[in-house]
Each structure stands twice: as structure tokens, then as C-alpha cells.
């Protein structure tokens with residue numbers, strides 16, 4: 001997005017549209033950013049700096065870095081008038097282009113569903129969750145252990161505003177290096193005990209006194225899409241997943257459809273693009289402009305004269 005089209009009002013609105021308390025976490029940094037806007041616009045790394053801003057107001061699901069911390073560091077450096085060191089310049093140059101408006105809209109919608117735990121649309125048999133909930137509510141052993149944990153760790157029990165207490169998250173590839181055993185504090189003891197409860201009954205947490213059964217989920221991450229299948233759920237090739245819904249989540253990353261036929265089409269289009277740009281350069285050297293330039297290229301490529309729009313799209317492809 002060009003710098004001229006950015007504004008504090010628009011950026012704050014984008015943050016308010018996001019879930020996971022992004023407005024509360026980042027509004028102060030965005031306000032500080034726009035207070036030194038002129039300094040940023042005049043900086044030799046202006047384009048790189050504005051990419052950080054655009055990532056800061058993007059859905060958290062897409063962020064591979066702590067852009068809040070990075071933006072705060074940038075503001076502090078620019079306010080002091082210091083230069084960025086070589087390490088920071090390298091990082092700024094490496095940061096990828098921010099997500100498109102379409103991608104932001106898709107991920108914002110996806111995050112809203114994730115925040116509410118709405119995953120039923122991903123499976124063809126959502127009623128199986130009802131059966132799980134009924135079993136857990138009737139499980140006296142689970143209820144007994146839960147009541148013991150609630151009473152024994154009453155001070156350590158700190159659910160969120162909705163009354164939800166979550167277990168420790170599983171990590172990519174199943175490794176949990178940050179979950180080393182620590183029995184020193186009551187808080188640590190509670191978390192370990194609660195994690196053991198959730199593992200035994202295949203839960204992701206509790207909402208007040210209601211056990212929350214693990215569901216089949218598909219979540220977008222900065223690096224791709226992770227599909228999670230609870231260990232107690234059976235799999236069937238055509239009877240488990242709603243692949244269209246999962247594909248919509250994954251396609252928001254910009255992945256194109258694949259297959260032998262589509263591959264051949266893309267290869268041919270790539271060849272046509274190279275040839276078209278070579279012929280277009282020849283036409284320009286010959287002094288041709290406008291329609292004569294397009295017709296020269298189409299004729300040399302063996303295409304019909306009425307394919308000007310096709311040629312224009314080809315020439316403007318990256």
C-alpha cells in the first residue's frame with residue numbers, strides 16, 4: 001500500500017476489526033508510529049519500514065515475527081535519531097510483502113471463527129461432538145478429578161473473560177521444548193496437573209465447569225495450514241473432512257491450484273509471457289506505440305488480432 005493511502009484512522013480501524021485483543025495490544029504503537037510519519041517517509045528504508053507497519057495491523061495468524069515489538073523498537077530508534085545497525089537493516093530487507101486486502105479479509109473471518117471455537121463446518125459428521133460432550137458430562141471420574149483440581153488450586157485458577165481455561169498448546173511436529181518440568185511454584189504445579197487431566201480425557205480445556213472436547217481443526221499459520229485430528233476420532237477418506245472449507249482456509253495463503261494439466265498451462269503461459277515481452281521490446285525499439293505495437297506482437301506470436309486484452313494481461317504479469 002502506498003504511504004499516501006495510509007492513515008492513523010484506517011490503521012486503528014483495521015486493528016479494531018481483528019480478534020485476540022489486537023487493538024488493545026497495538027493501538028499505542030500505531031499512534032506512536034504516525035507521530036513520526038514524516039521521519040519515516042524521509043528515511044532511506046521507508047518502504048521497508050512501512051512493510052513493518054502493514055504487518056503490524058494484519059491478522060495475528062499470518063505473523064511469523066513479533067511485529068509489535070519490532071515496530072516499537074523502530075519507533076524508539078527513530079526518535080533518538082540513531083541509525084539502524086547492520087543486523088536491523090538485514091532484517092528489514094528480509095521481511096516479506098504484507099498480505100493483500102483479500103487475504104486479510106479471509107484471515108480476519110477465519111480468526112473470528114477460531115476465537116469462538118467454531119470448527120464444526122470442517123467435518124461431515126459434526127454430531128459426533130455432541131456424543132463426546134454427553135459422555136464427558138456423564139463421566140463421574142472426570143468430574144471428581146476436576147472438582148479436586150478446582151478446590152486444590154483455587155488461587156491459581158485464572159480463566160479468561162469467557163471463563164475458559166486452556167491447556168498448554170501442542171507445538172508444530174509435536175515437540176514442546178518450552179514445557180520443561182517445573183514443580184517450584186503453585187502456578188506451575190496447577191498447569192502440569194491441568195495438562196495431565198486434559199491429556200487423559202482428550203480436552204483442550206474447560207469453560208467454567210464444562211469440559212471442552214478436542215475437535216477436528218484446520219488453522220492457518222504464517223508458514224501454512226495445520227490440520228489437527230483428535231486421537232480418538234476415526235478417519236475416512238471421504239467421510240471425515242469438508243475439504244472445500246479446509247481448502248478455503250489454505251488458499252488464503254495464495255497457493256494456486258495444482259495438477260498435471262494446470263502445470264502444463266502455467267508452463268505454456270510462462271513461455272508466452274517471455275516471448276511477448278521480447279517482441280514488445282522489439283516493437284518499442286521500432287518506434288511502434290499503442291495499437292500498432294500490440295498488433296505487431298500478436299502477429300509475431302501467431303495470435304488473432306482481437307486478443308489485445310489477453311496480450312495486455314500477459315505483459316503485466318509479474
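Residue 79 fulfils the conditions (1) outside any loop (DSSP other than H, G, I, E, B); (2) surrounded by fewer than 16 Cβ atoms within 10 Å (Cβ to Cβ); (3) under 17 Å from the mean Cα position of the chain (by Cα) except for a single criterion, (3). You will find that of 31, 26, the residue that is part of a helix (DSSP H, G or I), at pLDDT 95 or above, in contact with a helix residue (DSSP H, G or I) (Cβ under 7 Å, 6 or more places away or on another chain) and surrounded by fewer than 16 Cβ atoms within 10 Å (Cβ to Cβ) is 31 and no other. Scanning the stretch 270-301 for residues that are over 11 Å from residue 311 (Cα atoms) and under 34 Å from the mean Cα position of the chain (by Cα), we see that the one that is modelled with the highest pLDDT is 274.
Yes/no matrix, rows are residues, columns are (1) within 27 Å of the chain's Cα centre (by Cα); (2) in a strand (DSSP E or B); (3) closer than 18 Å to residue 109 by Cβ:
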| residue | (1), (2), (3) |
| --- | --- |
| 196 | no, no, no |
| 212 | yes, yes, no |
| 215 | yes, no, no |
| 220 | yes, yes, yes |
| 225 | yes, yes, yes |
| 234 | no, no, no |
| 246 | yes, no, yes |
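Residues in the stretch 87-114 that are in a helix (DSSP H, G or I), surrounded by 13 or more Cβ atoms within 10 Å (Cβ to Cβ) and within 17 Å of the chain's Cα centre (by Cα): 103, 104, 105, 106, 107, 108, 109, 110, 111, 112, 113, 114. Take residue 161 and decide whether it is closer than 28 Å to residue 215 by Cβ and either at pLDDT 90 or above or surrounded by 13 or more Cβ atoms within 10 Å (Cβ to Cβ) (or both). It is false that residue 161 is closer than 28 Å to residue 215 by Cβ and either at pLDDT 90 or above or surrounded by 13 or more Cβ atoms within 10 Å (Cβ to Cβ) (or both). Among the residues of the stretch 57-76, those identified as in a helix (DSSP H, G or I) and either touching a helix residue (DSSP H, G or I) at 6+ places or on another chain (Cβ under 7 Å) or in contact (Cβ under 8 Å) with a residue 60 or more places away in the chain (or both) are 60, 61, 62, 67, 68, 70, 71, 72, 74, 75.
Of all residues in the stretch 35-52, exactly one satisfies the criterion of being under 25 Å from the mean Cα position of the chain (by Cα) and either more than 16 Å from residue 94 (Cβ to Cβ) or not in a helix (DSSP H, G or I) (or both), namely 46.
The values are calculated or read from the model by the stated rules, or taken from the named source; none is laboratory data. Keep in mind that this is a model prediction, so the values were computed, not measured. We place every Cβ from the backbone using ideal geometry, glycine too, and count neighbours over all the protein chains shown.
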